[in-house]
1. Provide Glu64, Glu85 in ascending order of the number of other Cβ atoms located within 10 Å of each residue's Cβ, fewest first.
2. Sort the following peptides by mean Cβ neighbour count (other Cβ atoms within 10 Å, averaged over residues), highest first: 194-204, 71-81, 218-228.
3. Output the peptides 238-245, 139-146 sorted from most to least packed, where packing is the average of other Cβ atoms within 10 Å over each peptide's residues.
4. Mind ordering 176-189, 108-121 by average Cβ neighbours within 10 Å, highest first?
Amino acid sequence: MIFVANVLFSLLFLLGFSDPKPQSTPLPEEEKNTKTAVELTSKHQESEIIVYSSRHMLKIVLWENGGWLHLVIKFIAGFQQYAMETAITPITRTQFNWGSFENAIALLLIAIVMVIGIVLTLLLQKQGFSERFVLTLGVCSMGIGVLILLVFCSGSLIFVWQLSFGAFFFVTSFPIMNVSSSTLFSKSIDPFAPGFFFGMYSFSFGISGIIPPIIAGSMIDSFPNYLPLFLFLFFVFLAALGSLCSQWKLLGKIQMKNQVKALT
């Protein structure tokens with residue numbers, strides 16, 4: 001609660017106590033001969049440094065650079081992760097009569113799969129694949145996993161291989177989406193100070209851990225099978241897919257812009 005309050009107060013401060021329009025201040029005379037001054041003046045028309053207001057800064061990061069997409073992706077990845085962690089124990093206990101030891105092994109395997117997803121993401125980035133491609137791969141992996149769970153695990157009888165197969169693709173998507181989205185988000189906030197924006201980024205993930213246990217637990221207890229739960233998770237996946245598709249062209253433009261910037 002303290003973390004939530006701090007983020008909300010920071011947001012209110014930025015929105016309520018900021019200047020309405022960007023201002024500019026002349027570059028100090030004593031700094032004009034330094035290397036930093038030369039770089040800044042060449043970037044800002046050789047005469048002034050642009051100081052953005054907080055509202056303008058939020059507009060650039062969240063809308064013009066597509067930062068809102070990464071907040072949504074972070075929230076959805078966390079939402080699906082916590083929902084799976086909540087649902088896995090009652091499902092395995094009911095279907096397979098697993099006890100605490102077997103469920104602990106299952107959670108350990110989930111953690112190992114997430115590590116595999118992180119390693120896969122880093123390898124893809126090292127091989128030169130764009131973050132947009134990696135993020136799309138993570139969203140597709142989530143879609144494959146939730147479709148398998150929806151088709152094979154929605155009835156009253158589930159086999160271990162069905163649950164394991166669907167959970168593998170589903171769980172692998174979490175680290176892939178998180179790592180690629182974090183990389184893209186860090187680029188979207190450049191050249192602004194990252195502290196506040198990564199506070200928002202962490203806040204979206206924190207909120208995603210509050211809702212899923214309530215929803216997943218109530219659906220498992222209220223219905224005779226798991227169709228409502230996996231159908232709900234499928235619609236959450238569609239929200240991620242729709243958000244990604246809406247910003248697809250913008251991500252491509254940002255990617256080309258970063259490539260040109262890296263060459264220069």
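Taken together, the values in this text are just the output of simple stated rules run on the coordinates, not laboratory data. Small disclaimer: the values here were computed from a predicted structure and weren't measured. Here the Cβ is made from the backbone with ideal geometry for all residues, glycine too, and neighbour counts use every protein chain on show.
1. Placing the least packed residue first, the sequence is Glu64, Glu85.
2. 71-81, 194-204, 218-228
3. In decreasing order of mean packing, 238-245, 139-146 become 139-146, 238-245.
4. The packing order, highest mean first, is 176-189, 108-121.
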